[in-house]
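Chemist: The structure is given below, and queries will be raised subsequently.
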Amino acid sequence: MIDGYALFKMPQNYYKFNQKVLKMRSTNKFFTVLAVALLSVTQMPQVFAEENKPLLDKNKFSIGGGLSLNSVSGPVDDEVGFQFFGAYNLTQVNIMEGVYSSVEFGVMDYGFNNDSTGIWGNYVIDGGINGRFGWLARLGLDIGDDSGLMLGAGVDFALSKKLDMRLEYVIRDEVDSLQFNLIYNL
């Protein structure tokens, strides 16, 4: 039989036992946090080395410009326009072996009398055909006088390691363009 004193003492013993368990859990948490902190400190030099790298690599930039023969449906004659653009090669986004991707942003004057200009942004994929010849395709948006979807395809010829020549046909909502561009890889 359990006497009254033992029943009275049992909650106190249970309380002491519970305190020891909580203290052990607290100690385990402390050592877990300490271990994570030490591992983090050992990895800091690698993190800082990666953080000191610039967000964009200057060797992946390109600039370009060119002429275009622009046509619209209706009684308007075709006009010669021009464009300037910049590109950034996305080496981390390769769709398949031999196919590369980039983003391009530019401004274009369509050459029509009504101050027809637009800015555009495209995702471009390209690849090699044979030697210095290649292909390219683009999809993006044109914002300006001919706002909307922009789709194109063409061929590329490497004049040197830094300079390429492109011939493309680009379709927009209202203006279709046959474009001749030069692009310089920085």
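The values are calculated or read from the model by the stated rules, or taken from the named source; none is laboratory data. This is a predicted model, so every value here is computed, not measured. Cβ coordinates were reconstructed from backbone atoms using ideal geometry, including for glycine residues, and neighbour counts include every protein chain displayed.
Chemist: Report every pair of residues separated by at least 6 positions or lying on different chains whose Cβ atoms are under 7 Å apart, first residue within region 57-81 and basic (Lys, Arg), second part of a strand (DSSP E or B) and surrounded by 12 or more Cβ atoms within 10 Å (Cβ to Cβ).
Modeler: LYS60/TYR88; LYS60/ASN89
Chemist: Only one residue in ASP146, ASP164 is touching a Phe, Trp or Tyr at 6+ places or on another chain (Cβ under 8 Å) and part of a strand (DSSP E or B), so which one is that?
Modeler: On the way: ASP146 fails: part of a strand (DSSP E or B).
Matching residue, one of ASP146, ASP164: ASP164.
Chemist: To continue, here is another question. How many residues are at pLDDT 85 or above and hydrophobic (A, V, I, L, M, F, W, C) if we restrict to region 30-82?
Modeler: 6
Chemist: Does SER101 satisfy the criteria of being of a type outside the set (Val, Ile, Thr) and either modelled with pLDDT of 90 or more or loosely packed, with under 13 Cβ neighbours inside 10 Å (or both)? Spell out how you get there, then give the answer.
Modeler: Details: of a type outside the set (Val, Ile, Thr): yes; either modelled with pLDDT of 90 or more or loosely packed, with under 13 Cβ neighbours inside 10 Å (or both): yes.
Judged against the criteria, SER101 is a match.
Chemist: Does GLY131 count as out of contact with any strand residue (DSSP E or B) (no Cβ under 8 Å at 6 or more places or on another chain) and either among the small types (Gly, Ala, Ser) or without any contact (Cβ under 8 Å) to a residue 12 or more places away in the chain (or both)? Break it down into steps so the answer makes sense when it comes.
Modeler: Values: out of contact with any strand residue (DSSP E or B) (no Cβ under 8 Å at 6 or more places or on another chain): yes; either among the small types (Gly, Ala, Ser) or without any contact (Cβ under 8 Å) to a residue 12 or more places away in the chain (or both): yes.
Against the criterion (out of contact with any strand residue (DSSP E or B) (no Cβ under 8 Å at 6 or more places or on another chain) and either among the small types (Gly, Ala, Ser) or without any contact (Cβ under 8 Å) to a residue 12 or more places away in the chain (or both)), GLY131 qualifies.
Chemist: Check ALA158, ALA137 and return the single one that is over 17 Å from GLY65 (Cβ atoms) and either exposed (fewer than 14 other Cβ atoms within 10 Å of the Cβ) or more than 23 Å from the chain's Cα centre (by Cα) (or both).
Modeler: Values: ALA137 fails: either exposed (fewer than 14 other Cβ atoms within 10 Å of the Cβ) or more than 23 Å from the chain's Cα centre (by Cα) (or both).
Of ALA158, ALA137, the one residue that is over 17 Å from GLY65 (Cβ atoms) and either exposed (fewer than 14 other Cβ atoms within 10 Å of the Cβ) or more than 23 Å from the chain's Cα centre (by Cα) (or both) is ALA158.
Chemist: Looking at region 113-133, which of the residues that are closer than 13 Å to VAL155 by Cα and either of a type in the set (A, V, I, L, M) or part of a strand (DSSP E or B) (or both) is farthest from the chain's Cα centre (by Cα)?
Modeler: Looking at residues that are closer than 13 Å to VAL155 by Cα and either of a type in the set (A, V, I, L, M) or part of a strand (DSSP E or B) (or both), I get ASN130.
Chemist: Separate question: Would you confirm, using the coordinates I've provided, whether GLY66 is over 23 Å from the mean Cα position of the chain (by Cα), surrounded by 15 or more Cβ atoms within 10 Å (Cβ to Cβ) and either among the polar types (S, T, N, Q) or not in a loop (DSSP other than H, G, I, E, B) (or both)? Walk me through it before giving the result.
Modeler: Details: over 23 Å from the mean Cα position of the chain (by Cα): yes; surrounded by 15 or more Cβ atoms within 10 Å (Cβ to Cβ): yes; either among the polar types (S, T, N, Q) or not in a loop (DSSP other than H, G, I, E, B) (or both): yes.
Taking the combined requirement at face value, the residue satisfies it.
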